[in-house]
Amino acid sequence: MFNLILFGPPGSGKGTQSEKLIEKYKFKHLSTGDLLRSEIAQQTPLGMEAKSLMDKGQLVPDEVVIGMISTALDANKDVNGFLFDGFPRTTAQAEALDKLLDFNKTSIGAVLFLQVPEEELISRMVNRAKTSGRSDDADENVQRKRLEVYSRDTLPVANHYRKSDKVVEIEGVGSVDDIFTSLSTIIDKKMSQSV
Ligand code: B4P
């Protein structure tokens, strides 16, 4: 089993690249953003609580997302590997994921970190707002808040995985296909080293 984390700031293209990666490598895709938006669409109590936080650019509590991931891992025992997209977003989430994977006798094979400058991120979120219908994309103050939360709470997650030499930085500006080629090259290399 080969497990991958696609890491990067909001709007760096994690969701965009995940779609292509799951098609090529048949990973089980676990996007906490998608899982939360599905709860919102179903108007569950969890979804309603998450929406109020997401609309302000804040993170949903660790125990909520860790619980969602734990359930998803249990429900997918026979997959080739997981692609974690938008998770972990805090060091506490990363530590919880390490324990869950360890319990299942597996681990993270690589953390691919998409590098995109802040102004480009804002411009992508502004563009995405025109079509996504996502209320957290529509307001520039919320976008700035998401980037602030990212720098404070999520960036330290990269250091957590640097300790075990798992992080590979990838240029996240350029065509979607060129970025996908860069990601695939690293994944092929890491997969061949893991067998
Ligand atoms: P997410 O759903 O994870 O969304 P994201 O980080 O905003 O976007 P992503 O990086 O996937 O960007 P995309 O491909 O769409 O999170 C949403 C919210 O959910 C969070 O703010 C938080 O509140 C909550 N949440 C989620 N996970 C959580 C967790 N673990 N803990 C706590 N809270 C959590 O790309 C963006 C745009 O750029 C798109 O329009 C795309 O078309 C465009 N684009 C992509 N690649 C491009 C390229 N190469 N060039 C130009 N444009 C490009």
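Close amide H pairs (under 5 Å, H built 1.01 Å from N) link residue 7 with 112, 113, 114, residues at least 5 positions away or on another chain. Given Cα pairs under 8 Å that are at least 6 residues apart, what percent is the relative contact order of the chain? Contact order relative to length: 33 percent. Considering the chain as a Gaussian network with a 10 Å cut-off on Cα pairs, which listed residue, 27, 103, 180, attains the greatest mean-square fluctuation? For the chain, modelled as a Gaussian network with Cα springs under 10 Å, the answer is 103. Build a GNM of the chain with springs between Cα atoms under 10 Å apart, and of 19, 171, 119 the one that fluctuates most is 119. Rounded to the nearest 20, the size of the Cβ-charge dipole of the stretch 3-189 about its Cα centre is 200 debye, with Lys and Arg at +1 and Asp and Glu at -1. Ligands, DNA and RNA aside, residue 176 has an accessible area near 70 Å² when probed at 1.4 Å. Cα-based values for the chain, radius of gyration first and Dmax second, are 16.0, 46 Å.
What accessible area per residue, rounded to a whole number of Å², is obtained for the stretch 131-195 using a probe radius of 1.4 Å?
Accessible surface, normalised per residue, equals 59 Å².
Among the listed pairs 99/166; 28/105; 28/77; 26/77; 26/163, those whose Cα-Cα separation exceeds 21 Å are 26/163. The candidates 18, 70, arranged from most to least accessible area with a 1.4 Å probe in the full protein assembly, appear as 70, 18. Of all lysines in the structure, those lying under 27 Å Cα to Cα from residue 130, and not within fewer than 8 positions of it along the same chain, are 14, 20, 51, 56, 145. Placing +1 on the Cβ of each Lys and Arg and -1 on the Cβ of each Asp and Glu in the stretch 3-189, which of 15, 127, 66 has its Cα farthest towards the positive end of the resulting dipole? Looking along the dipole axis, the top candidate is 66. Taking 46, 73, 147 in turn, the Gaussian network model of the chain (Cα-Cα springs below 10 Å) assigns the largest fluctuation to 46.
The values are calculated or read from the model by the stated rules, or taken from the named source; none is laboratory data. Note that this is a predicted model, so its numbers are computed, not measured. In this analysis, Cβ positions are derived from the backbone assuming ideal geometry, glycine residues included, and neighbour counts consider all displayed protein chains. These accessible areas exclude ligands, DNA and RNA; they are computed on the full protein's heavy atoms, side chains included. Shrake-Rupley method; radii C 1.70, N 1.55, O 1.52, S 1.80 Å.
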